[in-house]
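Engineer: The structure is given below, and queries will be raised subsequently.
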Amino acid sequence: MQATMQVVETVKDLKSWRRAHVGRVGFVPTMGALHEGHMSLVRQARQECDFVIISIFVNPLQFGPHEDLNKYPRPIEKDLDLCRKNGVDLVFHPTVEEMYTGAETTKVVPPANITSTLCAPIRPGHFIGVATVVMKLFNMVEPTVAYFGEKDYQQLTVIRQMVADLNIPIEIVGVPTYRDKDGLALSSRNIYMNEEERLLAPKLHQVLCQVRDDALSGKVSLKYALTRGREIIRQIPNSELQYLEVCDAVTLEILNEVRLPMVILVAAKLGNVRLIDNLVVDKALR
């Protein structure tokens, strides 16, 4: 029988708990506002590990000056309840002061080849903030394996590269995107959409599927498939397309022709809500 879930707020208490628990430790880093997408990571960790740790920390380093740090949802009691119901052993819920003890901090800078396109120009400094906080959390938690959602594909690529480059002895597992019944990728920011935007949001996933089918059909070029997809998104009311690209699934090199494995990535705003999604394509259509 699983022991009662514990919640700690300091690195000292986290380290104390960690020393007392020997075995395969699965770690799910989050910014809270948890949903079934996060819980799909927890459930996989629960199946594959002896213990599961989840962190809930809204990381200021990965927010730009005009982004929604102060508005980011923080329903901590609801989050803890979800963690209990899904078999989490320990929740690490530190304050900003616990994570960053000074006004300045050493930062991890990912290589430019994976952080110069897609979300990076739109969110300058974002991936430095992500890499820095994940490195700190890895050093604090010392997990055997860490689980990340494939929805944030560029982030997952950055973490995989950091672990490989810095010889970090942690296995990184990407978990497929968890979707609503209409195909919308679950995200903590979905709650910001109004009713009309929520009805339109699944079109992003539909476009990804269409680009995949067009590109793999052999009947049209990849350029044509992307041009068609971009036009469909631009026709969505009150939308702003930020990018629709096809990239190498490992290096994130932007592709001009089909080369498997590849990933189709999109970012767009519906009203004031920024949505991202992607579709990994690793085999031809049958």
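Engineer: Add +1 for every Lys or Arg and -1 for every Asp or Glu among the other residues with Cβ under 14 Å from the Cβ of LEU222, and state the total. The partial results should precede the final answer.
Structural biologist: Details: positive: ARG212, LYS219, LYS223, ARG228, ARG230, ARG259; negative: ASP213, ASP214, GLU245, ASP248, GLU253, GLU257.
Around LEU222, the surrounding residues sum to 0.
Engineer: Still on this model: In the stretch 70-157, what GluC sites (Glu not before Pro) fall in a loop by DSSP, with at most 15 other Cβ atoms inside 10 Å? Intermediate values should be presented prior to the final figure.
Structural biologist: Numbers: sites: GLU77, GLU97, GLU98, GLU104, GLU150; in loops: GLU104, GLU150.
Those that pass, being in a loop and sparsely packed, are GLU104.
Engineer: So, with +1 on the Cβ of K and R and -1 on the Cβ of D and E, and no other charges, what is the size of the charge dipole of the chain about its Cα centre, to the nearest 20 debye? Mind dumping the intermediate values first?
Structural biologist: On the way: 33 positive and 34 negative charges, 73 e Å.
Its charge dipole is roughly 340 debye.
Engineer: Based on Cβ point charges of +1 for Lys and Arg and -1 for Asp and Glu, what charge dipole magnitude is obtained for the stretch 188-279 about its Cα centre, in debye rounded to the nearest 20? Walk me through the numbers before you get to the answer.
Structural biologist: Details: 12 positive and 12 negative charges, 17 e Å.
In debye, rounded to 20, the stretch 188-279 gives about 80.
Engineer: Using the Kyte-Doolittle scale, find the helices of the chain whose mean hydropathy is at least -0.5 and whose Cα atoms extend 20 Å or more along the helix's long axis, counting only whole DSSP H runs.
Structural biologist: Working: long enough: 126-141 (22 Å, 1.54); 203-217 (21 Å, -0.15).
Helices meeting the criterion: 126-141, 203-217.
Engineer: Let me ask something else about it. Report P(r) for the chain: all Cα-Cα distances, bin width 5 Å, range 0 to the bin holding the largest distance, values in whole percent.
Structural biologist: Calculated over all Cα pairs of the chain, the distribution is 1, 5, 12, 15, 18, 17, 13, 9, 6, 3, 1, 0, 0 percent.
Engineer: Here is a further query. Among TYR243, LEU199, VAL141, pick out the residue whose Cα is farthest towards the positive end of the charge dipole of the stretch 140-286, where Lys and Arg carry +1 and Asp and Glu carry -1 on C-beta, about the Cα centre.
Structural biologist: Checked the options; the winner is LEU199.
Engineer: Among VAL25, PRO111, GLY174, whose Cα projects farthest towards the positive end of the dipole of the stretch 6-175, with charges put on the beta-carbon of Lys, Arg (+1) and Asp, Glu (-1)?
Structural biologist: The one lying farthest along the dipole's positive direction is VAL25.
No value in this document is a laboratory result; all are computed from the given coordinates. If you're wondering where the values come from, they're calculated on a predicted model, not measured in any experiment. For neighbour counting, all protein chains shown are included, and Cβ atoms are generated from backbone atoms with ideal geometry for every residue, glycine included.
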